[in-house]
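The values are calculated or read from the model by the stated rules, or taken from the named source; none is laboratory data. These numbers come from a predicted model, not from an experiment. Counting neighbours? That spans all protein chains shown, and the Cβs are built from the backbone with ideal geometry, glycine included.
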Amino acid sequence: MVNKFFYYIIVAGFIIVLILGGIIFYQKNNHDLRVIFLDVGQGDAILIEQGSNQMLIDGGRNGKTLLEKLGKYIPFWDRQIEIMVATHPDQDHIGGLIDTLENYKVNAIIKTEAESESRTFKALDELIREENADNIEAEKGVKIKFPAGAEGEIIYPFSSEAAALGESNAGSVVLKLTFGENNFLFTGDLPSEKELILIRDSLALNSRVIKVAHHGSKYSTSEEFLEAVKPEDAIISVGKNNQYGHPALEVIERILKHGIKIFRTDEMGDIIYECKNQNSKCKIEFN
Ligand SMILES: [Zn+2]
């Protein structure tokens, strides 16, 4: 009787290992791309996943909120985030990154030389030093290749040191992600005067999806920029009833006037683009 009991336990264990192995194998070889604008309240956090490769752009304000969100989309056996990008050192972009560094192994960190006097920035800076991750200076021309075909490219700032001069939003990292005919433009909190510089510099702004800069502040997302990017969808990452009055009504009107659809994290929750292959349009879902 006892022998039979152990026999069943061993068989059950073997089946569980097989199933888990199958799931892990499937996840590693899955070439679908997912771009998820996480609803982290007032702030930005975007998770990009292809197979078992993840890139996290910003982390919102709060570590606990971000970890809960990451746990929903990254399988529990995958404790590694390949690339972390900090667009600029404001609290609503880097606050959540500290807990992420403490709970995941992060292989590479992309950020500019911009600094802040905040306790959060100092704590993050110290953790980054301890993490033993590759430190990559965020500046124009840096490319991030996903093994299964997606590619990210930094188009701003022009140099990492230049981003450290002046006001922090103005040094925001701007990154374009391309997966076949689908492209996404992530703009941090970039203000309008820098948008104009980008228009003069880059021919490749055209993107299907834009992450509206600075949570829809009226000091970003100029007419000229919308005309250069020509997005179909505009994502506004913003907290409900936030104290800053984001997003500005005039920005919403400006976007709608161009026939662009608006999706807001405070209304839709997490906004997910599921991209099956390079030749078809990503599908949008909400969670
Ligand atoms: Zn912000």
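Numbers for the structure displayed
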| quantity | calculated |
| --- | --- |
| Exclusive hit being more than 13 Å from the chain's Cα centre (by Cα) and closer than 19 Å to GLU151 by Cβ, set ASP78, ASP99, ASP32 | ASP32 |
| Single condition GLY71 does not satisfy, out of (1) touching a Gly at 6+ places or on another chain (Cβ under 6 Å); (2) at pLDDT 95 or above; (3) over 20 Å from ASP134 (Cβ atoms) | (1) |
| Yes/no for GLU151 being surrounded by fewer than 20 Cβ atoms within 10 Å (Cβ to Cβ) and among the charged types (D, E, K, R) | yes |
| Criterion: out of contact with any strand residue (DSSP E or B) (no Cβ under 7 Å at 6 or more places or on another chain) and either among the charged types (D, E, K, R) or within 16 Å of the ligand (Cβ to nearest atom) (or both) - qualifying residue of PHE76, PHE121 | PHE121 |
| One residue from GLY141, GLY166, GLY239, GLY188 being in a loop (DSSP other than H, G, I, E, B), touching a Gly at 6+ places or on another chain (Cβ under 8 Å) and not hydrophobic (A, V, I, L, M, F, W, C) | GLY239 |
| Residue that is farthest from PHE179 (Cα to Cα), among those in segment 126-147 that are surrounded by 15 or more Cβ atoms within 10 Å (Cβ to Cβ) and of a type in the set (D, E, K, R) | GLU131 |
| Those residues of segment 19-59 which are under 20 Å from PHE184 (Cβ atoms), more than 16 Å from the ligand (Cβ to nearest atom), buried (at least 17 other Cβ atoms within 10 Å of the Cβ) and not acidic (Asp, Glu), in sequence order | LEU33, ARG34, VAL35, ILE36, LEU47, ILE48, GLN50, GLY51, ASN53, GLN54, MET55 |
| Residue satisfying condition, being more than 15 Å from the ligand (Cβ to nearest atom) and in the same structural domain as PHE37 (by TED's automatic domain parsing), within set SER220, SER172, SER202, SER168 | SER202 |
| Selection within segment 175-189 - in contact with a Phe, Trp or Tyr (Cβ under 7 Å, 6 or more places away or on another chain) and within 16 Å of the ligand (Cβ to nearest atom) | LEU175 |
| Complete set of residues in segment 68-87 that are touching a Leu at 6+ places or on another chain (Cβ under 9 Å), assigned to a loop (DSSP other than H, G, I, E, B) and touching a residue at least 40 places away in the same chain (Cβ under 8 Å) | TRP77, THR87 |
| Residue in segment 236-270 that is farthest from ASP39 (Cα to Cα), counting only those that are hydroxyl-bearing (Ser, Thr, Tyr) and touching an Asp or Glu at 6+ places or on another chain (Cβ under 9 Å) | SER237 |
| Among residues of segment 100-113, those that are touching a helix residue (DSSP H, G or I) at 6+ places or on another chain (Cβ under 9 Å) and either within 16 Å of the ligand (Cβ to nearest atom) or in contact (Cβ under 8 Å) with a residue 40 or more places away in the chain (or both), counted | 4 |
| Residues (closer than 19 Å to ARG129 by Cα and either of a type in the set (Val, Ile, Thr) or buried (at least 19 other Cβ atoms within 10 Å of the Cβ) (or both)) located in segment 74-89 | ILE81, GLU82, ILE83, MET84, VAL85, ALA86, THR87, HIS88, PRO89 |
